[in-house]
Structure formats: structure tokens, C-alpha cells
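Everything on this sheet refers to the single structure shown next.
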Amino acid sequence: MKTKNIILTILALVVTLMGLEAQVRYFDERYISTQAQLNPQLVNPGAVGHALNHQLMVNYRNKWSGIDGAPRTLTLSYNGAVGNRLGLGVNVVSDKFGELETTKGELGVSYTVVSDNNQVGFGISGAYIKHALGGYGNADPNDPVISQALSGAEYFDASFGVYGIYLKKLYYGLSLPSLVSSRISDIDNTGQDREVGFLLQLAYKLDIQEDITMTPGIIMKKLNNVPTHIDLNLNFGFLQDKLIGGVAYTVGADKRLGFLIGTKIEKLNFFYSYNTSSNLIQDYNNGSHELTLGFNFGGNKTKS
């Protein structure tokens, strides 16, 4: 009964958030990473605390490398189980695209229901986001529009997610990001109505032969000011994931083709991915690079 009450409380809060005024931000940061299939807690609060251990993670992405002012994103993250069924996640994101700077701090909590065959988490997160100019370049610093942009626009976001693992093979998740995106700064506090987006994730792990697995997956993203697109992933694991390799293709948006290599050795995780695009801008850059370094420690044995 206690589990049911907690789930109903979370769902009631979600319904309340959906009724609040939504305001358009510059973009939704959840589209940035191409490794969300490996680190779902970055995009889905329901995935927070699913592992029995704690994890500190650093993620860096350099999009369109070789172009001055190209997007660069740094994410610092903590994720872990803090109780028998409770999970806690913290994400800090810094994104720079030319003179435009985006800063985000996010706190998420989840409650996980465990049965013999299924483990599903219900999570909710709150985030502070600021979009601002880091400089004015050749523009007039006294221009009122430039002055407002230098001060920046601040928002509060709230998101909801469900993430589960069935029979330790089927991975599924649904995230409703920015159910509310309310502007908290005083400048131009009018906003615009917008549609609520979603991230849908499915993957299935197949045992090819001893110590070799194959995991096809799909992530569909409909986000604020980002074209709707689908990431198709095919990952292979060798020697109990001590070596991981994969390919990815994005339908829509950037039309990306990517490659992944990584390893999980005891407490350390390392992943590197490279993406190239069929868009015309690819002729002027060296592709996109993404690095993830994770450190696992501790553990929560009672959750199993």
C-alpha cells in the first residue's frame, strides 16, 4: 500500500505540473548527448538510482570540431541509490555555442518498484536553467537587446520519467521533459505556449554466444526547439562488457552516423563516440566527438 501511495503522489504531481504555464526556452539540453542509451539518467529521471552502486560521471561533447565557436558541452553528474527504493541524481551542464552560454543545474529523485521479473522506476526532477550571452562581440554593449541578453533569461523546469528493465534484457523508458518551463527572471516575462515533448527509449539485449551480447535500441526525441528525430543504436558487448562497440544512425535532425567504443573495467567506465553528418555543414568541420568517464563506488545491496 505504501508503494501505491508513493506512485499515486508522483502521478498527481505530474498532472499538476502539466496544468502550469509552459514557456519556450532557447532549446532543450537533452538532445545533446549521443550516449543516452548508455546513460539514461541524463535524460530520464526515472532511471536515477537503478544501479545498486553510486556513480560520478563526466561527459564532454565537441560538436562540429574545427569550427570556431562550435558547440561544446560539459556535464558533471552523480547518480545512485540512497535508500532501499529511492534514487538520487544531480546533473550540472555547461553549454557554449559561440557567445551563447547555457547553464543548467538539475536534481532528480526516483522511486523503484522491484519484482521477480521487472524493475521500474518513477522519477521527477527540477532544474534551474539560464540562457545568456557570454560577450557582445562586435555589437554595441549599450544596445538594450544586447544588454538584456547579457543579463540572461532564467527558467525553472520540472520533468517526469519512467524507466524499467524487464527480465534483465528489455530496457524501456518514457520521459516527459519540461512539463513546466516557467521563466523566473524579470526580463520580458511573457513567454509563449508550447507543446510538451517526450523521449521514448527501447532496447533489447541478446546473447549471441558466450561473453558476446548484441543490444539494438531506439530513442525517439521530440524536444523544445529541436527537430523530432530518432536515434537507432546497435551495440555489442564482449567479455561481460569489458569491451563495448557500436554504431548509431539518426533519422531527422542532424542525420548523424556514429561509432562508439568503450569499456567497463571494475569501477571505471569509459566511452568515446564519433559522429559525422550528411548535412552541408559537415564539409566545414571534423565531425563531433563525445567522451564519457564514470567512476562507480559503494553499493546498496538491499535494493535487490
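As an exercise, use a Förster radius of 35 Å and the Cβ-Cβ distance of D143 and S65 to find the FRET efficiency, rounded to the nearest 0.05. Plugging the Cβ-Cβ distance into 1/(1 + (r/R0)^6) gives 0.65.
By the beta-carbon count within 10 Å of each Cβ, the least crowded to most crowded order of M57, M214, fewest first, is M214, M57. Extending 7 Å from the Cα toward the beta-carbon at both V113 and V247 defines two label points whose distance is 3.9 nm. Net length available on complete extension from V82 to F198 is 39.1 nm, with 0.36 nm assigned per residue and the Cα-Cα distance removed.
In this structure, L170 and Y128 have a Cβ-Cβ separation that, at R0 = 25 Å, corresponds to a calculated FRET efficiency of about 0.15.
All of the numbers you see were taken from the coordinates with simple rules; none came from a lab. These figures come from a predicted structure and were not determined experimentally. A quick note on method: Cβ atoms are made from the backbone with ideal geometry, for glycine too, and the neighbour counts reach across all protein chains shown.
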